[in-house]
1. Could you pull out the residue among 42, 4 that is loosely packed, with under 12 Cβ neighbours inside 10 Å and either at pLDDT below 90 or more than 13 Å from the chain's Cα centre (by Cα) (or both)?
2. Only one residue in 162, 82, 119 is at pLDDT 85 or above, within 17 Å of residue 53 (Cα to Cα) and assigned to a strand (DSSP E or B). Which one?
3. Any idea which of 135, 151 is at pLDDT below 90, assigned to a loop (DSSP other than H, G, I, E, B) and touching a strand residue (DSSP E or B) at 6+ places or on another chain (Cβ under 7 Å)?
4. Does residue 35 satisfy the criteria of being within 15 Å of the chain's Cα centre (by Cα) and at pLDDT 90 or above?
5. Across region 59-73, which residue is nearest to residue 178 (Cα to Cα) among those that are loosely packed, with under 14 Cβ neighbours inside 10 Å and touching a residue at least 24 places away in the same chain (Cβ under 8 Å)?
6. Taking the conditions exactly as written (at pLDDT 85 or above and surrounded by 13 or more Cβ atoms within 10 Å (Cβ to Cβ)), does residue 87 satisfy them or not?
7. How many of the residues making up region 167-197 are surrounded by fewer than 16 Cβ atoms within 10 Å (Cβ to Cβ), outside any strand (DSSP E or B) and modelled with pLDDT of 85 or more?
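The values are calculated or read from the model by the stated rules, or taken from the named source; none is laboratory data. The structure presented is a predicted model; accordingly, all values stated were derived computationally and were not measured. Note: ideal-geometry Cβ built from the backbone for every residue, glycine included; neighbour counts use all protein chains shown.
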């Protein structure tokens, strides 16, 4: 009887898990919209299985071995979510739904990068400076602290243009990629010749 059971397991187990991905993580914001964010999977012994960027809110790890593991959603920043003590069943995909929101208030949505621009001069932050992504319609102005936020589509590369009344315009070459969805750029403005503070 035992021999028959062992023979059955040897015959059935290898085929039961064919074409089944081990783990699927689905990440959404509080409104249910897919989120683009890095997701990593680490075994409880510390071994990193891998890190993937979500595509339309989904990341998959299809070759996870035996043992318990944890899933980390988001980088080393406010709002990171960690789901611990997970394990897989052979032949079935473990579905891990996660709600993620950057707790600074900026939602990381699918489709592009969030660009935070800080504009300063020799005396400090420059409010009301014009900030624009060259060739696109998205344009904004800096707040009282010299900050502005723009969205850039994945794969876009071009120039960030910054201008202010009485300052020489400045530009920066930037690129939006899935490997870095949050970009920060500091821009120093110089007074135009003949323009006093």
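1. Every option except 4 fails the conditions.
2. After ruling out the rest, the residue left standing is 82.
3. Every option except 135 fails the conditions.
4. Against the criterion (within 15 Å of the chain's Cα centre (by Cα) and at pLDDT 90 or above), residue 35 does not qualify.
5. 62
6. In short, no.
7. 1
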